[in-house]
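S.K.: One structure is given below, represented as structure tokens, and several questions about it will come after.
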Amino acid sequence: MRKNLLKPIAAVTGSLALAATLSACGSSAASDEKVVTVYSADGLKGENGDGWYDKVFKDFEKKTGIKVEYVEGGSGEMVQRAVREKSNTQADVLVTLPPFIQQADSKGLLKAYEPAGSDQVDGADKAADGKWTSVVNNYFGFIYNTKELKTPPKTWEELLDGKFKEKIQYSTPGVAGDGTAVLIKAMHDFGGKEPAMEYLKQLQTNNVGPSASTGKLAPKVDKGELHVANGDVQMNFAQSKDMPNLGIWFPAKGSGKPTTFALPYAAGLVNKAPHSENGKKLLDFMLSEQAQKDVSAVGGGFTARKDIESTDANAIELTALLDGVEVFEPDWSDIGTNLDSYVDAWKSATGS
């Protein structure tokens, strides 16, 4: 467990989309030396061009002249896309939440590279062999509509109440990183796979249905279409600046303490990347001192570097959010090995 809460990782928002178009003359990213392609989980890119990615990519291009081509989606979605393209690699840098970064490594998608500054990243937040490192730290959480609910539900059990029928939605486990996090937290809080799946089976009565993107749930909560949804602290904190009815909370099991776990945005250099050197430069830049200071001030997340103390207003507010919340450490090795079986158990329990 981290001793300093202001030392975690980030994501991106939206559905699969290229942030830059290919030129009309037919040249592609693969033939342009001044380009780097990033495949990323949603959460770090701002709705209005004001997110951490927006600033980092703009500053990076200004410094290097290298244009960032950006593709985003759920963590699992990005890994699956990279797997399909293994014979014709398109991405240079892959950014996902755990356990999908570990899954990407197990599928041979990542190449070892230790970015400048990665020596200041906690050992739990990077691969021992240099295949990936956290660039923004983050925590799993839930959101609620502060207008419809004066106080958030305190427990998992409260979400089974009939008043939440068709007012709850969480993103799809196995596709979205935050959706998979629902399974991880439920298995921890309920004491194992079977009791967690039994609970999620009961919750299905109130659940609207699957969503490939967690980022799309916040606007629904803000408008009151949903009263409760899953998310993560960094993404939802950033979204709350433009969505005044969003509140962040962490459910407890019964009379226990509310819990969460670190869910960092982890980045790796893609194996056989078409612009490997440009990918390395971008990874170096993401972990640079200024980019890491911007993680909280601009992105609403937690710096990945131990040597950087964040003291801006966002950092103070983020620390306060986690006050009194128990932070546990998942067994990522077990989750990486058994993820498919956990997702299958969830599908069976919920009929999804």
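The values are calculated or read from the model by the stated rules, or taken from the named source; none is laboratory data. These figures come from a predicted structure and were not determined experimentally. Backbone-built Cβ (ideal geometry, glycine too); neighbour counts: all protein chains shown.
S.K.: Quick check on this structure: which one of Val343, Val295 is β-branched (Val, Ile, Thr) and in contact with a Phe, Trp or Tyr (Cβ under 8 Å, 6 or more places away or on another chain)?
M.R.: That would be Val295, the only listed residue that is β-branched (Val, Ile, Thr) and in contact with a Phe, Trp or Tyr (Cβ under 8 Å, 6 or more places away or on another chain).
This table checks each residue for (1) touching a strand residue (DSSP E or B) at 6+ places or on another chain (Cβ under 9 Å); (2) hydroxyl-bearing (Ser, Thr, Tyr); (3) more than 30 Å from Leu283 (Cβ to Cβ); (4) not assigned by TED's automatic domain parsing to the domain that holds Gln292.
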site: Ser134; (1), (2), (3), (4): yes, yes, no, no
site: Gly177; (1), (2), (3), (4): yes, no, no, yes
site: Ala181; (1), (2), (3), (4): yes, no, no, yes
site: Met187; (1), (2), (3), (4): no, no, yes, yes
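S.K.: For the stretch 322-336, state whether one or more residues are in contact with a Pro (Cβ under 7 Å, 6 or more places away or on another chain), among the β-branched types (Val, Ile, Thr) and outside any loop (DSSP other than H, G, I, E, B).
M.R.: yes
S.K.: Kindly check whether there is at least one residue in the stretch 176-197 that is closer than 24 Å to Gly51 by Cα, touching a residue at least 12 places away in the same chain (Cβ under 8 Å) and either assigned to a loop (DSSP other than H, G, I, E, B) or in contact with a His (Cβ under 8 Å, 6 or more places away or on another chain) (or both).
M.R.: The answer is yes; a qualifying residue exists.
S.K.: Follow-up question, since we're still on this one. Mind listing just one residue for me: the one in the stretch 115-126 that is over 21 Å from Asn278 (Cα atoms) and under 20 Å from the mean Cα position of the chain (by Cα) and, of those, surrounded by the most Cβ atoms within 10 Å (Cβ to Cβ)? Steps first, please.
M.R.: Residues of the stretch 115-126 over 21 Å from Asn278 (Cα atoms): 120-125.
Pick out the ones that are also under 20 Å from the mean Cα position of the chain (by Cα) and you get 121-125.
Working: Val121: 26, Asp122: 19, Gly123: 7, Ala124: 12, Asp125: 23.
The qualifying residue surrounded by the most Cβ atoms within 10 Å (Cβ to Cβ) is Val121.
S.K.: Applying the selection to the stretch 326-352, what residues are buried (at least 17 other Cβ atoms within 10 Å of the Cβ) and either more than 20 Å from the chain's Cα centre (by Cα) or of a type in the set (Val, Ile, Thr) (or both)?
M.R.: Scanning the stretch 326-352 gives Ile335, Val343, Ala345, Trp346, Ala349, Thr350.
S.K.: While we're here: Please verify whether Leu283 is assigned by TED's automatic domain parsing to the domain that holds Gly123 and either crowded, with 22+ Cβ neighbours inside 10 Å or assigned to a helix (DSSP H, G or I) (or both), treating the condition exactly as stated.
M.R.: Yes; evaluated as a whole, the condition is true for this residue.
S.K.: If you don't mind, another one. Identify all residues within the stretch 145-165 that are within 24 Å of Pro330 (Cβ to Cβ) and in a strand (DSSP E or B); write none if there are none.
M.R.: Across the stretch 145-165, the qualifying residue is only Thr155.
S.K.: Please work out which residue is nearest to Gly177 (Cα to Cα), limiting yourself to the stretch 213-268 and to residues that are part of a helix (DSSP H, G or I) and basic (Lys, Arg).
M.R.: Lys220
S.K.: Can you tell me which of Asp284, Asp312, Asp323 is modelled with pLDDT of 95 or more, acidic (Asp, Glu) and over 19 Å from Val93 (Cβ atoms)?
M.R.: Asp323
S.K.: State all residues of the stretch 234-246 that are surrounded by 23 or more Cβ atoms within 10 Å (Cβ to Cβ) and either farther than 16 Å from Glu47 by Cα or out of contact with any helix residue (DSSP H, G or I) (no Cβ under 9 Å at 6 or more places or on another chain) (or both); if no residue qualifies, say none.
M.R.: None - no residue of the stretch 234-246 is surrounded by 23 or more Cβ atoms within 10 Å (Cβ to Cβ) and either farther than 16 Å from Glu47 by Cα or out of contact with any helix residue (DSSP H, G or I) (no Cβ under 9 Å at 6 or more places or on another chain) (or both), so the list stays empty.
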